[in-house]
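*Asks:* Structure below; questions to follow.
The values are calculated or read from the model by the stated rules, or taken from the named source; none is laboratory data. None of the values given here were measured: they were computed from a predicted structure. Note that each Cβ is placed from the backbone with ideal geometry, even for glycine, and that neighbours are counted across all protein chains shown. Just so you know, the surface numbers come from the protein's heavy atoms only, side chains and all, with ligands and any DNA or RNA stripped out. Shrake-Rupley method; radii C 1.70, N 1.55, O 1.52, S 1.80 Å.
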Amino acid sequence: MLTPASFAAFIVILVGGLIYWSNPSRRVNRAVCFGSVHIAIWLGCLHIAMTVNPIYGAFWVRLTSAVGSLFPLNFWMVKESIVQPADTSLRDSLRRNWPWLLVAVVLVWVPFTDYFIPSHSTPERHVYGWAYFTYAWVLLGIYGILILSSFRSSTTLKGAPRLELQIWLGGGCAMLIAIMATMALNAITGDRMYIRMQPLFTLIFYAGVSYVVTARRIFNARQILLVVVEKSILVGTVAVVAYVLDFSLSTFLPAPFAFVATTAATLWIAVELNGALDRWFQFYPQATAARQAAFAIARRESRIGDLENAFVSVLKGWGQSDHAVILSGTKGSLSGMGIKISESHPAVGALRQLRWATPERLARERPSAERKALAAFLAEHGLGVAVFGEGPSLTLILGVGVGASRRPFTYPQVAQLTELTSIIESVFERAHFSVAAQRAEQLATVGLLAASLAHEIRNPLVTIKTFVQLLPRHHQDESFRTKFFGLINDEVTRIDRLTEQLLDLASPRVYQAQNIALHPVLHASVELVVPKAADKNIEFMTNFQATPDFVFTDPSAAKQVLLNLCFNAIQAVETIEAKRWVKISTRNVTSGVEMAVQDSGPGIAEDIRPRLFQPFQSNKSSGFGLGLAICSDFLAGLDATISVDPKQPGHGASFRVVFPTAGAISASALT
């Protein structure tokens, strides 16, 4: 016959076996498994005591109590497995703590005496002797001593062992108080219902504590207690309110209307009260602050290096640690913060499978070569937690060092870090895409320039070739030789300058603002574009009026922006039959120096104008529409702005870029 005791015995023995199987090499797992067998035997005896013929009931009550008297020894074994070093043998522990064994043997003998259950006790009238109550009080005293001893031991522990010991003792104390209370109530009232509640208390305690001690997720005892208190307040308050409302409304409303009104009001109160309790208890204030800081960084920064430094600061603050790492990569290896590791490394493979890891989790689970490599990686870099994130094209590992309190990271904190990883991975994905798009746009510009400058490079080469062919016949002519050497030097210098400018555009770089003269940069850029415009019969005009022309920006960024705008203008103008022209001008404005690029083309379509500087917006049949978005992105990083004039009939597009001066930057920083 299935009873609560037999069901609990089955569950306990099953869970104990699974705990041992999960990591047989861990001492606490073995101790909990042994304790599971012990508790299952006690529950089996309790099952028989409650179902056997009443004539034999007293014997099984004695046997159940005798088996239960060994619970202190069970608790002591688990405590020793947590507190003592791994190389401490059970024999050494028993030698140091022989009083526990002696008391356990004595308590096993007590239930079989006539002082425990007198011989005149009958199934109809249960009588308990003085030893029965003494037995209960002695056990309570032993548990008290055990708790005090464990509390002293916990002060010398750190990390997961300390949490395990606290939760084990807290749960055990609650269970034992409940069991002793049921024994007292049974003796006083004679109602065996209280004894039937003992398997339920045991099952709740054992399931909860076994999970906390052996599962991969670590919880803080204080967090668990606060959650229990919060939910108890919530349930109790809502239940009272629902009862009062239902009683009050039922007096003057029909039952269906009273039920609907009570349900609606109760649900509203539950939601409001739950939010108020969350704010009052403040379970995870650091998580909220870190999440807000991450979103602020995502809006403010765009460069990978700046993002990495900013997010590392957020992770340090969140974990109250002086150490954090962010490793990212897209091509088979992860790097960051001076660390580089291949994606094929066993540690990365284990973390990809687990999604998150702490040293405590790896110590609890069944070891493998990959998990040992991951544990070594965490130890080498001083990390208390690591989380793995993977996007469409980016792999990310976030790690945070052990906090100042030296406590392990609990599962709620791991969930917070997982959420932060998702945010950071999205931001890094966008940043990597932006860098790749900038690189693609640069290479596209270089391709256009290479085609247009081929003629320019060919001309000096033809001149050099001609002079080389004439040199044998005019070698004795000194004036020819002088002219030849001068021409060779000029033409080679010209070719060298053109190729250097192409290489400068093609090379990837991080833009850094500096105080420069803008006009020389624009002249050099125009020199690159004019050949292509001339090939298309497009007139190029310049009107540089800014005086002074000093701006605080990156010269390569300014060159890239001008080239992009000029090529866009050339492609727009070459589609018309009327007069074709492109004009570049500068002037001084309040916030710096304005550069305008105007053309005689058809202008910007009205449907594209509102989102012109967003990716993939283009009037052209070729290209990806990334150029203006990229220009806008890195101009914003240099405190410069780009805009387009409103469309005017008979006029083409007119783009204006305002480069700030050093003085304007300083003034904005002060305000």
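*Asks:* Is there any pair with a first residue in region 48-67 that is on the phi > 0 side of the Ramachandran plot and a second that is assigned to a helix (DSSP H, G or I) and at pLDDT 85 or above whose Cβ atoms are under 7 Å apart and which are 6 or more apart or on different chains, and what are they?
*Replies:* none
*Asks:* Follow-up. If I ask for residues that are open to solvent by 20 Å² or more (accessible area, probe 1.4 Å) and farther than 18 Å from Phe634 by Cβ, which ones from region 287-308 would you list?
*Replies:* Across region 287-308, the qualifying residues are Thr288, Ala289, Arg291, Gln292, Ala293, Phe295, Ala296.
*Asks:* Separate question: For the structure I just gave you, tell me whether Phe409 is aromatic (Phe, Trp, Tyr) and under 21 Å from Leu307 (Cβ atoms).
*Replies:* Details: aromatic (Phe, Trp, Tyr): yes; under 21 Å from Leu307 (Cβ atoms): no.
Taking the combined requirement at face value, the residue does not satisfy it.
*Asks:* Residues being on the phi > 0 side of the Ramachandran plot and within 43 Å of the chain's Cα centre (by Cα): count how many of those fall in region 634-650.
*Replies:* The number of residues fulfilling the criteria is 1.
*Asks:* Moving to a separate point now. Only one residue in Thr586, Thr641 is open to solvent by 50 Å² or more (accessible area, probe 1.4 Å) and modelled with pLDDT of 75 or more. Which one?
*Replies:* Within the list Thr586, Thr641, the selection yields Thr641.
*Asks:* Scan region 532-546 for residues that are part of a helix (DSSP H, G or I) and crowded, with 19+ Cβ neighbours inside 10 Å and jot them down.
*Replies:* Answer for region 532-546, where residues must be part of a helix (DSSP H, G or I) and crowded, with 19+ Cβ neighbours inside 10 Å: Lys532, Ala533.
*Asks:* Please go through (1) open to solvent by less than 60 Å² (accessible area, probe 1.4 Å); (2) at pLDDT 65 or above; (3) farther than 13 Å from Gly171 by Cβ for Met197 and return the number of the only condition it doesn't satisfy.
*Replies:* Failing condition for Met197: (1).
*Asks:* Same structure, new question: What number of residues within region 21-40 are crowded, with 18+ Cβ neighbours inside 10 Å and either touching a His at 6+ places or on another chain (Cβ under 9 Å) or over 20 Å from Leu165 (Cβ atoms) (or both)?
*Replies:* 1
*Asks:* Report yes if some residue within region 259-267 is closer than 22 Å to Ala379 by Cα, open to solvent by 40 Å² or more (accessible area, probe 1.4 Å), in contact (Cβ under 8 Å) with a residue 12 or more places away in the chain and of a type outside the set (D, E, K, R); otherwise report no.
*Replies:* no
*Asks:* Mind checking which pairs have a first residue in region 417-428 that is farther than 17 Å from Ala357 by Cβ and crowded, with 21+ Cβ neighbours inside 10 Å and a second that is modelled with pLDDT of 85 or more and among the aromatic types (Phe, Trp, Tyr), Cβ under 6 Å, 6 or more apart or different chains?
*Replies:* Matching pairs, first to second residue: Ile424/Phe311.
*Asks:* Name, by its number, the condition in (1) at pLDDT 85 or above; (2) among the charged types (D, E, K, R); (3) open to solvent by 70 Å² or more (accessible area, probe 1.4 Å) that does not hold for Asp549.
*Replies:* (3)
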